[in-house]
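Heads up: the structure comes next, in structure tokens.
The values are calculated or read from the model by the stated rules, or taken from the named source; none is laboratory data. Everything numeric in this text was worked out from a predicted model, so none of it was measured. Reconstructed Cβ throughout: ideal geometry from the backbone, glycine too, with neighbour counts over all protein chains shown.
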Ligand SMILES: Cc1cc2nc3c(=O)[nH]c(=O)nc-3n(C[C@H](O)[C@H](O)[C@H](O)COP(=O)(O)OP(=O)(O)OC[C@H]3O[C@@H](n4cnc5c(N)ncnc54)[C@H](O)[C@@H]3O)c2cc1C
């Protein structure tokens with residue numbers, strides 16, 4: 001897919017969902033232009049001050065929806081970007097440059113399976129990619145999503161991912177909880193622990209998103225298991 005040239009957009013806050021202390025979701029209705037064509041995995045650069053400061057946020061909605069876009073943030077950094085979003089009222093207008101970035105699914109056909117590894121808000125581009133691959137592109141390659149969080153209470157979109165796994169047998173959802181209670185029956189620890197216990201899929205492409213440290217740890221693990229660098233794609237949030 002040829003990536004679309006980025007444009008300046010005006011968009012209006014249409015909805016705001018405070019999921020929990022870990023995640024906040026913002027839905028923007030496009031005003032001018034009123035249509036955004038993007039590839040799943042791309043992001044927008046939002047103007048957050050009159051002095052020209054900007055913050056990047058990945059688009060978590062499906063590219064099938066082109067009149068609005070959704071972003072998901074972890075408000076923990078409490079910096080200027082977080083405050084900017086938190087101070088927006090419904091109907092307020094924002095300016096952004098989009099679509100940006102090359103963290104998109106490889107379309108060469110070389111990857112026979114797809115493995116997504118996220119920690120925290122690193123889930124955002126993967127929600128867009130997975131919705132697009134399964135629902136729109138009807139992609140039948142095996143896909144696994146490993147999502148690392150500290151506490152199970154932080155988790156959102158669990159029903160959505162579980163429903164996708166039920167409806168699309170080629171998709172598996174593996175949440176990984178580092179501070180899990182006794183009752184937690186799925187992967188515990190770090191995403192690298194989870195990747196270590198599951199056998200790697202043959203000829204897979206690996207997509208990593210989250211902190212620099214997590215990305216470095218996963219690359220080290222994959223490299224030690226013989227995964228070629230060309231098969232590893234990454235988006236560093238911080
Ligand atoms: C391409 C790209 C896409 C991004 N997409 C998203 C996204 O979809 N959702 C999202 O929440 N963030 C995303 N980020 C990070 C985002 O741009 C902001 O840095 C983040 O929202 C915090 O903004 P802030 O202004 O509050 O703090 P900042 O002033 O940006 O950061 C303050 C400090 O916190 C660090 N930091 C940033 N994010 C985190 C975090 N989650 N946990 C711990 N420390 C952090 C920064 O490195 C910095 O040291 C993305 C970054 C890039 C480069």
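Which of (1) under 14 Å from the mean Cα position of the chain (by Cα); (2) buried (at least 21 other Cβ atoms within 10 Å of the Cβ); (3) within 18 Å of residue 234 (Cβ to Cβ) does residue 101 not meet, given it meets every other one?
Unmet for residue 101, out of (1) under 14 Å from the mean Cα position of the chain (by Cα); (2) buried (at least 21 other Cβ atoms within 10 Å of the Cβ); (3) within 18 Å of residue 234 (Cβ to Cβ): (2).
For segment 200-215, how many residues meet the condition of being in contact (Cβ under 8 Å) with a residue 12 or more places away in the chain and over 16 Å from residue 228 (Cβ atoms)?
Going through segment 200-215 one residue at a time, the tally reaches 6.
Examine segment 199-207 for a residue that is under 19 Å from the mean Cα position of the chain (by Cα), on the phi < 0 side of the Ramachandran plot and in a loop (DSSP other than H, G, I, E, B), and state whether such a residue exists.
Scanning segment 199-207, I find no residue that is under 19 Å from the mean Cα position of the chain (by Cα), on the phi < 0 side of the Ramachandran plot and in a loop (DSSP other than H, G, I, E, B), so the answer is no.
Between 82, 4, which is more than 16 Å from residue 123 (Cβ to Cβ), touching a residue at least 60 places away in the same chain (Cβ under 8 Å) and surrounded by fewer than 20 Cβ atoms within 10 Å (Cβ to Cβ)?
4
If we scan segment 132-141, do we find a residue that is crowded, with 22+ Cβ neighbours inside 10 Å, over 18 Å from residue 70 (Cβ atoms) and touching a helix residue (DSSP H, G or I) at 6+ places or on another chain (Cβ under 6 Å)?
No - not one qualifying residue is present in segment 132-141.
Which condition breaks for residue 60 when tested against (1) away from the ligand (no atom under 12 Å from the Cβ); (2) assigned by TED's automatic domain parsing to the domain that holds residue 18?
With respect to (1) away from the ligand (no atom under 12 Å from the Cβ); (2) assigned by TED's automatic domain parsing to the domain that holds residue 18, residue 60 is out only on (1).
Do you know which of the residues in segment 63-79 that are away from the ligand (no atom under 12 Å from the Cβ) and part of a loop (DSSP other than H, G, I, E, B) is surrounded by the most Cβ atoms within 10 Å (Cβ to Cβ)?
Among residues in segment 63-79 that are away from the ligand (no atom under 12 Å from the Cβ) and part of a loop (DSSP other than H, G, I, E, B), the one surrounded by the most Cβ atoms within 10 Å (Cβ to Cβ) is 63.
So which residues in segment 28-41 are crowded, with 19+ Cβ neighbours inside 10 Å and under 16 Å from residue 128 (Cα atoms)?
28, 36, 38, 39, 40, 41, listed by residue number.
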